1. Fully extended, how many nm does the chain gain between His162 and Arg249 (0.36 nm per residue separation, minus their Cα-Cα distance)?
2. Could you tell me which of Ala428, Asn34, His78 has its Cα farthest along the dipole of the chain towards the positive end, charges placed at Cβ (Lys, Arg +1; Asp, Glu -1), taken about the Cα centre?
3. Compute the distance from the alpha-carbon center of segment 159-224 to that of segment 282-321, in whole Å.
4. Give the whole-number value, in cubic angstrom per residue, of the convex hull volume spanned by the C-alpha atoms of segment 387-484.
5. Evaluate the charge dipole of the chain about its Cα centre and quote only its size in Debye, nearest 20, assuming +1 on the Cβ of each Lys and Arg and -1 on the Cβ of each Asp and Glu.
6. With the calculation restricted to Cα positions, what are the radius of gyration and Dmax of segment 376-573 in angstrom?
7. Please report Ile37, Ile165 as a ranked list, fewest other C-beta atoms within 10 angstrom at the top and most at the bottom.
8. Calculate for the chain the 222 nm mean residue ellipticity that helices alone would give, adding -39,500 (n - 2.57) per DSSP H run of length 4 or more and normalising by residue count, nearest 500 deg cm²/dmol.
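Only the coordinates and a few stated rules stand behind these numbers; no lab work does. This is a predicted model, so every value here is computed, not measured. With ideal geometry, Cβ positions are generated from the backbone for all residues, glycine too; neighbour counts draw on all protein chains shown.
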Amino acid sequence: MTAASTFPRLSSVARGEQPADLLLRNARLINVFNATIVKTDVAVADGRVVGVGPYEALTQVDLENRFLAPGFIDAHVHIESAMVAPAQFAKAVVTHGTTAVVADPHEIANVLGTTGIDYMLEASEQLPVHFFFTLPSCVPATHMETSGANLDASALSAYVQHPRIVALAEMMNFPGVIFSDERVLAKIALMKRAGKPLDGHAPGLSGRGLSAYLLPGIASDHECTSTQEAEEKLSMGMHIMIREGTGARNLDQLLPIITPQTARRMMWCTDDRHPQDLLGHGHIDQMLRRAVRAGVDPLIAIQIATLNPAEYFRVNDVGAVAPGRWADFAILDDLSDPVVRQVYCRGRLVAQDGQLLNENFPEKAVTVPSAMRVPLERLNLRIPAQGPRVRVIESRAHQIITGSSIDEPFVIEGNAESDPRRDLLKIAVIERHHGTGRAGLGFIRGFGLQRGALASSVAHDSHNIIVVGCSDQDMQAAVSELATMGGGLVVVENGILSARLPLPLAGLMSDQPMAAVQRELEDVLQAARRLGCRLPDPFMTLSFMALPVIPALKITDRGLVDVEKFAIVQLFLE
């Protein structure tokens, strides 16, 4: 809250003995504490709210009866999925009224370990968005993949008391919790001693398994895909983060769980959202609009976007308009269609009508390595046919959950090959952190490619190289292009590069503005469509095919993973 050194002056302003720096007059203030609207003035000094009501001020702005809401908070987001550095992410989302995010640096930590966490903390300082972080709990996420680092409780202990580390990040290793893995419990105990909440990640977990998962104090979940799942978790004491990202879109399915009885335990989050969605559709503001149009009370929707996450994460100087809190405001014309007109952060007007007003805010020039070690000369994507049937990953648009099926392989000269006629494509994950040359090989359905290959160094959670294609030659060419440029996204046809998006920061993020990244991303998406791909965002879908904590069948550099059994399984069946 307010620093002791500034308290005397702020107190004097609050008492009316000195003028405020700024007075926003004639506001319809949205009080998220009691879900009411009050016509009043709001006084600001040193970037903080000092009082509500009539005050003298050096600068006065007449809001002309517009609605003044607290700035919005994204309760769970991976900055890396926006493919830009923190400063560029801040520039993009603040124009939509987002003034705080709770980010999980899990992706970059899986590539670079503590170097990645340090980068995110340093690169997010002094920006027009408050960056809070959760401490990655699963680096690596499981024992069934190869990550760039291994962070145990002792490695994390140096960060526990950092003022912007607010929780333990999503505990994806739910079997480790359920069966009392000592290494997992040590991380949980570390954060519990610090008095910080424990975020969960338990897709589909129910009944006794869910009870065992909750025993250590895990308190939230953002993986619900049905009202039944969310209602059970709510009934057992969890806070529910409703997610609307690019790869996973659960807003429409979960809106019915918001009731007067449950609303204070709900939060909005985007989790993973690509540039075209952030720039084309918005951020938390888009979720607000859709919720309101679906019948959610606007005041409740705003409460879910502000006070709820602030209280859950115990961050008491954001999330509301009240004395001592940062003067972060989203100014709205109409609550029935909440479009953000102006945005204030720390008492400064930073955006108006969707445009950033000052792009020259302090921005640290912090870089990190691409982390790309791939022995291309040893790369071998052949799959010798070893049985009459193969397991197949069934991908689904707008979901990170996959299906699992059995099919006959397409065999040529003793090798199992892609069969575009049946939408049966080869998929591979190639280890990129330690230069082992190890590759997990399998088959996938749902991409619809008729020729060529797609490859990416963004592959949750260990972010090895993942590639899908119609021929070994195009798949190998795509991996080679990716390794040569230091990571990113590529599309290859007939051995020739069709489109690319370089991501030189850890192989996850660009150092360019989001608009430039969006243009290059659209180029690779268009190139994928020309190859016959029918997924709306094939690279987002592809990135989650290597995530072995989301059911049902996934693939890592170590092979196929049956997530429900939490085990590596054979590709071929008798």
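1. Working: separation 87, 0.36 × 87 = 31.32 nm, distance 3.22 nm.
That pair, His162 and Arg249, stretches by 28.1 nm at full extension.
2. Result: Asn34, furthest along the dipole toward the positive end.
3. Segment 159-224 and segment 282-321 have Cα centres separated by 24 Å.
4. Numbers: hull volume 10.8 nm³, N = 98.
Cα-based convex hull of segment 387-484, divided per residue, equals 110 Å³.
5. Details: 51 positive and 64 negative charges, 110 e Å.
Computed about the Cα centre, the dipole is about 540 debye.
6. My reading of the Cα-based Rg and Dmax gives 15.4, 50 Å.
7. Working: Ile37 16, Ile165 21.
Least to most surrounded, the residues fall as Ile37, Ile165.
8. Values: 17 runs with 143 residues, N = 574.
About -7000 deg cm²/dmol.
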